[in-house]
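Structure first, commentary second.
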Amino acid sequence: MSCISWNSNLISSDIKQHKNGNYTLIGDAEDNELGYFDKPLPCFGFGIGWFCLLFGFIFPLLWYYATILYFRNYYQKDPRERTGLAASAIAALIFTIALLIVILIIVI
């Protein structure tokens with residue numbers, strides 16, 4: 001009987017503290033986005049940018065798609081995407097320069 005009254009006193013004191021605004025925050029107070037990066041990236045877990053970089057060697061238009069995403073700040077949704085999108089933008093730049101050199105050599 002004393003255990004029941006002790007538990008009810010404990011519960012009632014917790015409710016009173018909660019109503020007064022005295023409660024314990026669950027989680028990390030400094031990092032309010034705890035768990036935000038726990039979800040996997042799209043495209044088999046390595047992100048759209050890296051996916052476009054790898055498959056751009058087969059279909060180079062994917063590099064330009066990733067470049068558009070990079071310049072439209074798609075990485076603001078998930079900062080982990082930034083490096084892959086930047087790598088795809090660099091690959092698109094290199095491919096464009098190489099293509100222009102090849103066209104100049106063929107024409108001249």
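Read the figures in this text as sums done on the coordinates, not as results from a lab. No experiment lies behind these values; they were computed from the predicted model shown.
Quick check: residue separation of Phe57 and Phe95 times 0.36 nm, minus the Cα distance between them. What number comes out in nm? Intermediate values should be presented prior to the final figure.
On the way: separation 38, 0.36 × 38 = 13.68 nm, distance 0.98 nm.
Value of the extension gain: 12.7 nm.
With a cut-off of 8 Å between alpha carbons and a minimum separation of six or more residues, what is the relative contact order of region 41-108 in percent? If you can, show how the numbers build up before the last one.
Details: 66 pairs, mean separation 23.1, N = 68.
About 34 percent, as a whole number.
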